[in-house]
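The values are calculated or read from the model by the stated rules, or taken from the named source; none is laboratory data. Please read all numbers here as calculations on a predicted model, not as lab measurements. Here the Cβ is made from the backbone with ideal geometry for all residues, glycine too, and neighbour counts use every protein chain on show.
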Amino acid sequence: MPQDQSSVLLSPEVMARLERLELVTRKVFRGRMKGERRSHRKGESVEFADYRSYVPGDDLRFIDWNLYARLDRLYLKLFQEEEDLHLYCLIDASPSMSFGNPTKLQCAKQLAAALGFVGLCRSDRVVLDTLGGLKSSSPLRGRAHLWRMLELLDQIEPNDTCSMLDGVKRFSLRNSGKGIIVLITDLMDKSGYETALRMLIGRQMDLFVVHLLSPEEIDPQLLGDLRLIDSEDRDETEITINRAVLKKYRNTLDQFVSQAKQFCARRSITYLLTPSDRAVDVIVTQYLRERGLVQ
Amino acid sequence: MSFISSLPLWAWLLLLLIPPAIIALYFLKLKRAPIVVPSTFLWRRTIEDLHVNSLWQRLQKNILLYLQLIVVAFLFLSLLRPGCRSESQLGQRSILLIDHSASMSATDEKPNRLAVAKDKALQLVDSMASSDVAMVISFSDRADIKQGFTSDRRQLRAAIEGIQTTNRTTDIREALRAAAGLANPGRTSEIDNVNDIQVAEAMPADLYIFSDGGFSELQDFDLGNLAPKFISIGKPEPSNIGIVALTATRNAEREDEIEVYGRLVNHANIDTSITTELYLDENLIDATKSTLKPGEEEGVNFQLRDIESGKLTLRITDNDDLLADNEAFTTITPPSKIELLVVTKGNKALEIALETPQATKLARVKLAAIDYIESEDFKKANLENPFDLIIFDGVSPQSMPFSNTLFIGSVPPAEGWGFGESQSPVMIVDTNKNHPLMQYLEMNSVRIVEGYPLKMPAGGTRLLEADIGTILAAAPRGPYLDVVSSFPLVREEDGSMVTNTDWPIRRSFPIFLLNTIETLGNTDADASARSVLPGQAIALKVGQRLSEVQVVDPTGSSTQVSRGSMSQIIFTQTDNKGVHEVLTPDSGEILERFSVNLFSPRESQIVPAEKIGFGGETVTASPAKTPSRREFWRWLTALAIGLLTVEWIIYLRRIFL
């Protein structure tokens, strides 16, 4: 039976398109295991990289004896290192993510699934975690873990309020490795997102922020005398919404997005704003590709 | 601009609580709809500056509250009844009475008085407020409601502009009755009438009378809720000489000679010399010059010879302010005898009295026995009405004939007539000498042996009163007149006829018969045709023979008129002055001629009245414009309602500024 595209985390068509992609990082990380990824580091593999002079202590197995015969000097052959990459998908699972159609959380899960799939296909280590902090997966590696990954994502539900800073702290404590962090969030944290992002940058990780906003946040269809109730802290705001207020709201939103973009740009964080109703394969293959997360 | 407070102080104090109440209710009434949003983070940042001076911000931002306060302000202002002084405003309900009688065609005002009256009425209509209503009634000798109460100025203007001049006389009574009927519903408007009470809610109205005042004072008219205003039309010193009478009479001595007599009246206030011309069938046959002093009447005489018939026109050649009375018309009709039938058992005294030279000149007498009127021949002939007068002497027919009758000593078989118990002797006590039948009669010396008290139908006239009651009376029967004497000339006693009264040997008897022939036979010495006033109805006697006749008016247009069940036709289309001819529709034979003339001294008297009287109340002529107050509260209330509608629309459509 065909399922609604929005409710399926990864459809076969999307998987087919993603299969050819791979995750890219701008930073050099030491992989824990041999992977399929050519590292910037020199190591052991079949692919020749360079020569260097022998220094005492080097592994004699890598001395190029033919060269020694010709030049009477000892040189070591260096090979390209192949290693794996850590992909951390950090999903904001706060109640505010349950808005929109499909919900922002659903969109975030689809995005994490897509990136995770790309990582698993390339034997990268994929870790899924939520800012709410209730669930955290053990690193997954290899395509065989795809279903495990999807199962984990399926179990993610909007949970109790947790500030972004607390979520990041908890994430940092649980995951000590380095790699790519894709933070999928709406950044709607009244205490601010800046400290949390700084903490992630401090771990020398390649950070991507995918800023999800539902259409009702981008262009709210509200008018009249209303009592707005915050879905996270149940905070109530009495407001008379008219055209002027709506215009002002849009200005505030633009300003908020612009500040986030600027903050990220200054700290080499890749920032992507996307509405929650945008197709996830488009986000991955077009927007994230443009920003260098996948190639 | 002035204000009139329509509420007491305490009411104002209560009302002043409304604006604060609206502001308070505005804040209290707000029922904000709860809506769960992802985060109020951005909304809070949005309204951060709105929270500064939030009360003032709310006031400033919300147009609905403003509109409500403005609406209340307008309503308060309405209650203060602001207004200003105005000079040309009609009352709330106005009735415009416009005179279009003959005198209103006088040209002392240019182009004529009616045009000026219409102009003034139109000015009043133009100054009407939109909520005012008015109606238009034109009147001459009758009233015509041209336009019922309406606030539509276009209709009122059309009604006024549609009023045309007429040749009719003036009688404002009917117009006033129509106006009073609207202002005093259920009332007869008769003064001193105790039963004249208001049965429905009165609707007071201003009554504007545009007239020259050429009508008599209405002593018995109560205007009730009508507030009359008389707008006199006409210059104070108009010049008019009018013809007020024209007759043509055959000379009693010489039958071929006709005397034409006209009467002229000078209503100008200066001596005026005029030329009067007499035309026979539009050919000038005589003329005379005369000088009339102010207010003086003068007769003009013309003697005509060897003229059998024709149309006579008397014309004043000099123009004055009223041309309608400068011409008069009459016709000369050939002499004719009436057909008189005497039904009697035999009465020598009656036969002798009808053989006098004067009686034979006026009537062709046919004597018949009672059998004759019961015969089929008579019944057939009766339908054609061959007799102008039938005298029943001591006999009664089975049914009343289609002609005038005189019953002597017998009861007519008509409803209402009857004899009482026979009484003897009978003493005459009074004679009604005002009646044309009883003119020149001296009856006191007449002795009557036996008679009966006479019962007569309603509407009858007592002619002779005796100690036993009425013994001679006349009563109309449709178009006919029946005269009944309750004492016979001869009576039967012991099988023989004996004299019952000595009246036949007295001079009054043949005179009475002559009066009877002249009055009941409709004959007189006048050679001229009947004359009626313009618009007045005339009874045309056509008998039973014709079911319809054709009437040709002076302009040449003819009207077909049907008779109905009566032997006469009431013809009302007499608006055009001149000689009208009544013709048979088939052969075109002239049955009768009658003339329509403005013989009305009151219409000829065109000096405009300065005041008019209604039941003891005198209304002085006043300018059409009256000082009044122009009120604005209706506009303000309408504005308030309009604003309330706008506020409601804004509320519904959430149009926030």
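Over 26 Å from A:ARG278 (Cα atoms) and either within 14 Å of chain B (Cβ to nearest Cβ) or crowded, with 20+ Cβ neighbours inside 10 Å (or both): which single residue out of A:GLY179, A:GLY132, A:GLY202 fits that description? Reasoning before the result, please.
On the way: A:GLY132 fails: over 26 Å from A:ARG278 (Cα atoms); A:GLY202 fails: either within 14 Å of chain B (Cβ to nearest Cβ) or crowded, with 20+ Cβ neighbours inside 10 Å (or both).
Going through A:GLY179, A:GLY132, A:GLY202 in turn, just one is over 26 Å from A:ARG278 (Cα atoms) and either within 14 Å of chain B (Cβ to nearest Cβ) or crowded, with 20+ Cβ neighbours inside 10 Å (or both): A:GLY179.
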Check your understanding: With respect to the numbered conditions (1) free of Cβ contacts under 8 Å to residues at least 12 places away in the same chain; (2) facing chain B (nearest Cβ under 10 Å), which one is the sole condition not fulfilled by A:GLU151?
Key -> (2)
Revision key, fill the gap. Per the list (1) at pLDDT 85 or above; (2) over 36 Å from the mean Cα position of the chain (by Cα), residue check on B:GLU415 breaks on (2)
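Free of Cβ contacts under 8 Å to residues at least 60 places away in the same chain, more than 10 Å from chain B (Cβ to nearest Cβ) and touching a Gly at 6+ places or on another chain (Cβ under 6 Å): is that true of A:ARG174 in this structure? Give the derivation first.
Numbers: free of Cβ contacts under 8 Å to residues at least 60 places away in the same chain: yes; more than 10 Å from chain B (Cβ to nearest Cβ): yes; touching a Gly at 6+ places or on another chain (Cβ under 6 Å): no.
No, not satisfied.
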Revision key, fill the gap. Flagged pairs (Cβ under 6 angstrom, 6 or more apart or on separate chains; first in the stretch B:35-51, within 14 Å of A:GLN255 (Cα to Cα) and within 7 Å of another protein chain (Cβ to nearest Cβ); second modelled with pLDDT under 80 and part of a helix (DSSP H, G or I)) are none
Point to revise | Among (1) over 30 Å from A:LEU10 (Cα atoms); (2) free of Cβ contacts under 8 Å to residues at least 40 places away in the same chain; (3) loosely packed, with under 15 Cβ neighbours inside 10 Å - the single one A:VAL282 does not satisfy | key: (1)
Review point. Exactly one of (1) farther than 25 Å from A:PRO102 by Cβ; (2) within 13 Å of chain B (Cβ to nearest Cβ); (3) buried (at least 23 other Cβ atoms within 10 Å of the Cβ) is unmet by A:LEU228. Its number?
Key: (1)
**Study point:** Out of B:LEU652, B:LEU636, B:LEU598, sole residue that is in a helix (DSSP H, G or I) and either touching an Asp or Glu at 6+ places or on another chain (Cβ under 6 Å) or modelled with pLDDT of 85 or more (or both)
**Key:** B:LEU636
Study note, to complete from the structure: For the stretch B:417-444, pairs from a residue that is within 16 Å of B:LYS455 (Cα to Cα) to a residue that is hydroxyl-bearing (Ser, Thr, Tyr), with Cβ under 8 Å and 6 or more apart or across chains, are B:PHE419/B:TYR452; B:PHE419/B:SER486; B:GLY420/B:TYR452; B:GLU421/B:TYR452; B:SER422/B:TYR452; B:GLN423/B:TYR452
Point to revise | Qualifying residue in the stretch A:212-221 (condition: within 11 Å of chain B (Cβ to nearest Cβ) and over 25 Å from the mean Cα position of the chain (by Cα)) | key: yes
Point to revise | Residue list for the stretch A:235-250, restricted to those being in a helix (DSSP H, G or I) and facing chain B (nearest Cβ under 8 Å) | key: A:ARG243, A:ALA244, A:VAL245, A:LYS248, A:TYR249
Point to revise | Residue that is under 22 Å from B:GLY521 (Cα atoms) and surrounded by fewer than 17 Cβ atoms within 10 Å (Cβ to Cβ), where the choices are B:LYS361, B:LYS345 | key: B:LYS361
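Please work out if A:LEU105 is within 14 Å of another protein chain (Cβ to nearest Cβ) and either touching a Ser or Thr at 6+ places or on another chain (Cβ under 9 Å) or buried (at least 24 other Cβ atoms within 10 Å of the Cβ) (or both). Let's see the steps before the verdict.
On the way: within 14 Å of another protein chain (Cβ to nearest Cβ): yes; either touching a Ser or Thr at 6+ places or on another chain (Cβ under 9 Å) or buried (at least 24 other Cβ atoms within 10 Å of the Cβ) (or both): yes.
Yes.
Identify, please: which residue in the stretch B:238-283 is part of a strand (DSSP E or B) and among the charged types (D, E, K, R) and is, among those, surrounded by the most Cβ atoms within 10 Å (Cβ to Cβ)?
Step one: of the stretch B:238-283, the residues part of a strand (DSSP E or B) are B:241-250, B:257-266, B:272-280, B:283.
After this cut, where a residue has to be among the charged types (D, E, K, R) as well, the list is B:250, B:257, B:259, B:263, B:277.
Numbers: B:ARG250: 20, B:GLU257: 16, B:GLU259: 14, B:ARG263: 18, B:GLU277: 15.
Per the criteria, the residue is B:ARG250.
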**Study point:** 3 or more residues modelled with pLDDT of 80 or more and closer than 19 Å to B:TRP503 by Cα: qualifying helices (runs of 4 or more DSSP H) within the stretch B:336-390
**Key:** B:348-353
